[in-house]
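A short worksheet on the structure shown next.
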Amino acid sequence: MKGHQGLAPREEGPSSLRLVCNVTVQHASRRLGGGGLAEADHGKPATASSESKSKVHEDDPLAFLDYNRTREIVWRAFGRLPGLRGIDLDIDNWHEEFTSNTITSRILQVVRGNHDMGLCGGHYRFVVYLDAEVTLVFSEPKALLRYCSEEVMQTLEDTAAGERCGICLDALESTTRSPPLNLPCRHAFHSQCIARWFFKGTACPLCRHDFSGLVALAATSSTAK
């Protein structure tokens with residue numbers, strides 16, 4: 001990260017934070033029945049790395065004295081990176097702890113150091129250089145369930161009154177469970193129950209009909225939307 005390195009902030013405004021990020025995208029698949037483990041998909045070459053830049057301006061130089069405001073500025077700049085548009089940047093999707101905390105702490109260290117020396121009346125220019133690796137995971141279980149939900153008849157008439165989920169044995173119409181979902185074999189389950197099941201196996205838990213052959217069709221349906 002480049003900043004003032006303890007020098008007095010500039011008199012001109014506004015303050016700014018510029019991110020320069022080298023983004024590399026690769027592909028993986030979460031296999032049906034694979035236990036939810038992402039495996040590298042060697043059939044798809046990694047997208048070439050590309051450099052993305054974004055800049056956020058702040059009129060208030062004192063914004064960088066507050067941790068939460070500084071972290072919000074970092075996130076705002078990160079969310080504007082062209083190379084990451086359309087990517088879910090939720091903190092839970094990061095394999096490692098996101099460096100926003102590190103960036104925020106480093107900015108605060110510089111600004112508070114200036115503040116202690118009585119130099120916090122000007123404006124700041126920070127430039128952060130970082131590398132980001134994005135893995136786009138195609139989930140076969142989720143694609144199959146989406147296909148069943150959209151392509152297979154899902155009316156209440158398909159399910160006998162009082163019928164129970166074949167996995168948890170609770171009533172399919174239970175208000176505390178997810179809505180019922182019918183498989184092509186006509187067996188119905190709570191969507192949440194069958195979703196967990198397909199991360200471990202490939203067949204209907206009742207009739208053992210194997211749905212691995214539907215994955216390609218489900219993938220085509222997902223791509224077309």
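Here is how the numbers come out for the structure above:
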quantity	calculated
Additional length obtainable on full extension of the chain from Ser149 to Asp131, 0.36 nm per residue less Cα span	2.7 nm
Contour excess over end-to-end distance, with Cα ends at Arg164 and Trp94 and 0.36 nm allotted per residue	21.5 nm
Long-range HN-HN contacts of Phe138 with modeled amide H, under 5 Å	Ala28, Ser29, Arg30
Cleavage-rule hits (trypsin sites (Lys or Arg not before Pro)) in segment 73-134: DSSP loop, at most 15 neighbouring Cβ within 10 angstrom	Arg80, Arg85
Packing-based order for 185-194, 165-174, using average beta carbon neighbours within 10 Å, highest first	185-194, 165-174
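Read-outs: derived from the displayed coordinates by stated rules, not from any lab. Treat the numbers as computed from the prediction; the structure is a model and nothing was measured. Glycine gets a Cβ as well: all are built from the backbone with ideal geometry, and neighbour counts include every protein chain shown.
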